[in-house]
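All remarks here apply to the structure that follows.
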Amino acid sequence: MLSVYEGFFSGGARIVHSDVVLGLREGGQHHRVLSIHGEVHREATRQRMEDDACYQALTGADVGVTSLGRTFGIGGTDPAAFSGPELADTARATADADVILSLKEQPLALLRQAGLPRRPVVVCLHRSDPENQGRALDDLKGAIADGTVAAAVCCAESTRAAYEAAGVPAALLHVIPNGVDLIRFRPDPARRLAVRTSLGVPAGAPVVVFAARYDGMKNVPLFVAAARKWLDAVPDGHVLMCGAGMTADNPGLMADLADAFGTRDRGRLHLLGVRRDMETVYAGADVVALTSSWGEAAPLCLIEGMMCGAVPVATDVGDTAAIVAGHGIVTAPDPEEIADAWSEAVANRDAYAPALAASRERFSRTRMIASYAALIDHVYAGDAVTVASPEDG
């Protein structure tokens with residue numbers, strides 16, 4: 001198996017896909033990874049492949065990772081034009097693969113290049129807005145038309161519906177919902193105390209966590225506007241902001257905070273940047289928040305946070321309403337309504353706990369990886385692909 005990434009940078013899709021690769025390897029498959037970019041400059045953050053947590057987890061498990069060495073975000077490199085040496089490296093990487101996994105549509109521009117070994121490609125789709133990603137949808141349709149793509153994994157029902165509406169044949173689309181490691185992501189009083197102590201947050205103080213990269217789809221201005229209203233109303237509350245670009249080095253975020261808070265004190269709003277211990281951060285929170293406006297499918301932050309005992313409060317985008325149903329609160333994109341929902345979630349956290357505990361199997365990594373393995377086996381065998389829905393077990 002070969003997985004092709006556009007690059008290694010902070011984001012839920014790469015976390016999920018890397019975990020799938022590790023899980024399939026644990027099940028006996030041999031996996032390698034090819035990354036088009038070796039360094040990515042985005043979200044006001046320089047992200048080198050070798051520094052990335054997913055890269056380190058893969059290589060630490062003896063999954064070979066190579067790169068074409070491109071740098072994203074500097075210069076005007078044509079994403080669809082590849083040099084002779086780049087194509088030669090890709091040919092060597094694909095030559096002994098039986099099936100190729102493409103992490104999202106972006107690598108298809110490379111995999112469709114003339115002269116490369118022809119292998120069935122399973123493209124893994126992680127958005128609910130196929131027409132809002134530049135040329136990616138055209139590359140996907142072209143790869144389907146020329147027979148490159150054998151199947152597509154949709155991480156959410158909203159993904160399947162959006163891509164079918166955009167013209168992708170329904171028979172190619174297979175929903176495998178995201179899952180997480182339930183041993184790692186669980187309520188943990190020791191972790192809860194540890195992260196609060198490290199940040200100077202009192203043990204009994206209400207805490208809201210926002211885990212997202214600094215991107216327009218995440219609607220960070222809406223989140224910080226809600227955070228200001230909530231912190232004004234809850235004098236002992238604290239807000240944690242995690243992810244690429246969630247640091248004082250990001251001028252965009254600083255402008256958002258200045259617009260929302262003005263001269264108000266921001267001492268109870270903590271900018272944590274990229275964290276590698278999100279299971280600890282979530283365990284320390286009472287609420288996991290999401291304020292996205294578009295693009296989301298099955299947000300990993302909501303699932304990870306829920307499994308650690310945080311109550312999800314999210315805007316209605318992608319599959320968030322289905323994920324949150326019975327476990328938390330869906331809100332309109334209004335700062336005051338969001339702030340009120342955070343307070344309601346904190347007040348009713350104990351009441352939500354049984355539903356969160358009962359849903360753990362639904363969001364399990366084991367279920368997700370078994371479904372990926374079944375799909376890959378069918379593609380390898382050349383069979384007509386059918387994958388059982390999560391409700392079928």
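Structure summary
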read-out: The stretch 237-259 residues that are surrounded by fewer than 18 Cβ atoms within 10 Å (Cβ to Cβ), paired with ones that are part of a strand (DSSP E or B) (beta carbon under 7 Å, 6 or more apart); value: Ala248/Leu271
read-out: Count of the stretch 309-358 residues which are acidic (Asp, Glu), in a loop (DSSP other than H, G, I, E, B) and touching a strand residue (DSSP E or B) at 6+ places or on another chain (Cβ under 9 Å); value: 1
read-out: Index of the failed condition, Ala285 passing every other in (1) surrounded by 23 or more Cβ atoms within 10 Å (Cβ to Cβ); (2) hydrophobic (A, V, I, L, M, F, W, C); (3) farther than 19 Å from Arg186 by Cβ; value: (3)
read-out: Any hit, the stretch 111-128, residues being in a helix (DSSP H, G or I) and out of contact with any Ser or Thr (no Cβ under 9 Å at 6 or more places or on another chain); value: no
read-out: Cβ pairs under 6 Å, 6+ apart, first in the stretch 309-330 and in the same structural domain as Ala211 (by TED's automatic domain parsing), second charged (D, E, K, R) and in a loop (DSSP other than H, G, I, E, B); value: Val317/Glu296; Gly318/Glu296; Val330/Asp316
read-out: Where a residue in the stretch 142-163 is in a strand (DSSP E or B) and its partner, wherever it lies, is among the charged types (D, E, K, R) and crowded, with 19+ Cβ neighbours inside 10 Å, with Cβ under 8 Å and at least six apart; value: Cys154/Arg160
read-out: Single condition Arg365 does not satisfy, out of (1) closer than 21 Å to Arg184 by Cβ; (2) in contact with a strand residue (DSSP E or B) (Cβ under 6 Å, 6 or more places away or on another chain); (3) touching a residue at least 40 places away in the same chain (Cβ under 8 Å); (4) crowded, with 23+ Cβ neighbours inside 10 Å; value: (4)
read-out: Sole residue being among the hydroxyl-bearing types (Ser, Thr, Tyr) and more than 27 Å from Asp377 (Cβ to Cβ), chosen from Ser102, Ser83; value: Ser83
read-out: Of all residues in the stretch 193-236 being in a loop (DSSP other than H, G, I, E, B) and charged (D, E, K, R), the one that is surrounded by the fewest Cβ atoms within 10 Å (Cβ to Cβ); value: Asp236
read-out: Residue check for Asp181: out of contact with any Leu (no Cβ under 9 Å at 6 or more places or on another chain) and surrounded by 14 or more Cβ atoms within 10 Å (Cβ to Cβ); value: yes
read-out: Some residue of the stretch 142-151 being within 20 Å of the chain's Cα centre (by Cα), crowded, with 18+ Cβ neighbours inside 10 Å, closer than 25 Å to Phe8 by Cβ and at pLDDT 95 or above; value: no
read-out: Residues (within 26 Å of Ile183 (Cβ to Cβ), under 18 Å from the mean Cα position of the chain (by Cα) and part of a helix (DSSP H, G or I)) located in the stretch 1-50; value: Gly12, Ala13, Arg14, Ile15, Val16, His17, Ser18, Asp19, Val20, Val21, Leu22, Gly23
read-out: Residue satisfying all of: in the stretch 334-360; of a type in the set (D, E, K, R) and in contact (Cβ under 8 Å) with a residue 24 or more places away in the chain; surrounded by the most Cβ atoms within 10 Å (Cβ to Cβ) among these; value: Arg349
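Yes or no, residue by residue, for (1) outside any loop (DSSP other than H, G, I, E, B); (2) surrounded by 16 or more Cβ atoms within 10 Å (Cβ to Cβ); (3) of a type in the set (Asp, Glu):
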{"site": "Ser67", "(1), (2), (3)": "yes, yes, no"}
{"site": "Asp78", "(1), (2), (3)": "no, no, yes"}
{"site": "Asp89", "(1), (2), (3)": "yes, yes, yes"}
{"site": "Asp98", "(1), (2), (3)": "no, no, yes"}
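The values are calculated or read from the model by the stated rules, or taken from the named source; none is laboratory data. Quick caveat: nothing in here was measured; it's all calculated off a predicted structure. So basically every Cβ, Gly included, is an ideal-geometry build from the backbone, and we count neighbours across all protein chains shown.
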